[in-house]
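Participant: Provided herewith is a single structure, encoded as structure tokens, for subsequent inquiry.
Each value in this text was obtained by applying a stated rule to the coordinates, not by laboratory testing. Predicted model, so just to flag it, every value in this text is computed and none were measured. Cβ placement follows ideal geometry from the backbone for every residue including glycine, while neighbour counts extend to all protein chains displayed.
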Amino acid sequence: MTRRLTDAVDQASAALDTCVHCGFCLPACPTYVRLGDEADSPRGRLHLMRAVAEGRIDASSDVFQLHLDRCLGCRACEPVCPSGVPYGSLLEMARESARSARPPSRATRAMLWLFDRPRRRRIVLGLARWMRGLGLARLCGAFLSGNATAPIRRALLMLDGSRAWSAARFPGGGVRPSSGEPDSGRARIPDSDAARAALLDGCVQGDLFDRVNRATQAVLRVNGLELVGAPGQGCCGAIHAHAGDMEGARRLARENVRALEASGADVIAVNAAGCGAAMLEYPAWLEEDPAWRLRAEAVARRVRDVTEVLADRGPREGAPLVGAVTYHPPCHLEHARGITEPPLAVLRAIPGLEVRMAERASECCGGAGIYGVTHPELGGRIGADKARALARTGAACVVTGNPGCMMQIAAFLRDERGDFDVAHPVEVLYESYRRAGITR
Ligand code: SF4
Ligand code: SF4
């Protein structure tokens, strides 16, 4: 495992050698900003990775384990680095080394166990949906206190944060009140040259945000896409990769490659930013098997964020929704993929909707996959700061395109403000279409 890190450092050595210790990455790093420790900065973590690769410290050492573990993997350090250091890839390999040297925390192991098998995940998240529906997630979360139960409390509050938004707060051309839950009915399709699109159902997205998947299918159809199924697909593997379980991540990647290539889709639409970024890594994850790498490359070429697909089409305009939302850019859309404009283009297709941005809008929300649960203290500080910045815009609804961000932000905003909504951009567009009578 350490050999992989050594190889990676060798491959990236040209970029690493040009690191001029400029420190441009430091103010962009949420952990450095909060902790003020060089070892919790991108520059410090790269230094630790090199020390392990060169054999000066061991991957099992406390210093390596602690500071790598505290990294959010938000990749805010990448776009600001003048040397182009491939931090995200190096981090994945470093975490594989760290995990092979020492088992991860109990909270991380529990999350990996949950997402390892689809049947197990569906049962547990089915129970979670039931708790959410009865309001038990919020109730139980509010009762728990103390360090020992902090990950459980955070998981429960995030679960409560996955509740549907209320479109009723947006007046306008509305003809019917809505709960924000889309019908599963088919949209009327105006476009004759329909491309075939397969939707990545996702794990959290499919189990806790099925309404977002249904809204995604509806708005894609309205904009001329033909939806095709991809049975056999599952979790993208991002949670495993972030935790250093690359074997688990590769297994899930192979299952998705098999299912998505069989779908015959021209486009693979992804409505969870973290999953989209992970799927672009499939060729790198499977690089040691040339046949699988080629198959993964063919799939990765077709992966698009749903907002990119819609923005390319020039999304059809819907009915007015009069009010303001704050847009939060998910890290794995903005930093990892450089996608900034398409989500705003989707929101601009809604007449009357004002889009605001918070201070330090590009900073991570602290959710970062399972980080919000596994690091309740530091993830909580970052989440609370994000919630305060979002609340200061004065808009009572936040729009963001990643389930982890939606849950983390909703959990903290409801703590801060009580009455607050969080929605995915396609959910808001779907509501605009529904009011226009374009889709049911
Ligand atoms: S990925 Fe995020 S938390 Fe980690 S070093 Fe880079 S900016 Fe800091
Ligand atoms: S921004 Fe890049 S070059 Fe500058 S200190 Fe950070 S890693 Fe090194």
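Participant: Kindly express, to the nearest 10 degrees and within the range 0 to 90, the angle between helix 42-53's C-alpha long axis and the longest C-alpha principal axis of the chain.
Facilitator: Between helix and principal axis, roughly 50 degrees.
Participant: If I take every Cα pair under 8 Å that is 6 or more residues apart in the range 177-310, average their sequence separation and divide by the length, what percent do I get for the relative contact order?
Facilitator: Taking the mean separation of contacting Cα pairs over the length of the range 177-310, I get 25 percent.
Participant: Something else: Can you compute the helix-only [θ] at 222 nm over the chain? Use -39500 (n - 2.57) per DSSP H run of at least 4 residues, normalise by all residues, nearest 500 deg cm²/dmol.
Facilitator: It comes out at -15500 deg cm²/dmol, rounded to the nearest 500.
Participant: What is the helix-to-structure angle for 2-11, meaning the angle in degrees between its Cα long axis and the longest Cα principal axis of the chain, kept from 0 to 90 and rounded to the nearest 10?
Facilitator: Approximately 80 degrees, to the nearest 10.
Participant: Moving on. Find the relative contact order for the chain and round it to a whole percent, using C-alpha pairs within less than 8 Å whose residues are 6+ positions apart.
Facilitator: This gives 17 percent for the chain.
Participant: A follow-up question, please. Taking GluC sites (Glu not before Pro) as exposed when DSSP calls them loop (any state but H, G, I, E, B) and at most 14 other Cβ atoms lie within 10 Å, what is the longest stretch of the chain free of them, the sites themselves excluded? Don't jump to the answer; show the numbers that get you there.
Facilitator: Details: sites that count: Glu54, Glu287, Glu288, Glu359.
Longest run free of exposed loop sites: 55-286.
Participant: Can you put Asp62, Asp415 in order, fewest other beta carbons within 10 Å first?
Facilitator: Starting with the residue having the fewest Cβ neighbours, the order is Asp62, Asp415.
Participant: To the nearest 10 degrees, how steep is helix 87-101 against the longest Cα principal axis of the chain, on a 0 to 90 scale?
Facilitator: Computed tilt is about 60 degrees.
Participant: Starting from a Cα-only point model with no solvent, please compute log10 I(q)/I(0) by Debye for the range 177-310 at q = 0.11 1/Å.
Facilitator: Taken in order of the listed q values, log10 I(q)/I(0) reads -0.39.
Participant: Continuing with the same structure: In square nanometres and to one decimal, what's the mean projected area of the convex hull around the Cα atoms of the chain?
Facilitator: 19.7
Participant: Can you give the Kirkwood hydrodynamic radius of the range 38-138 from its Cα pairs, in Å with one decimal?
Facilitator: Value: 15.8 Å, from the Cα pair sum.
Participant: Nearest 5 percent is fine: what portion of the DSSP beta bridges confined to the chain is antiparallel?
Facilitator: 5
Participant: Which residue, Arg214, Arg348, Arg75, has the most motion in a Gaussian network model of the chain that connects Cα atoms within less than 10 Å?
Facilitator: Answer for the Gaussian network model of the chain: Arg348.
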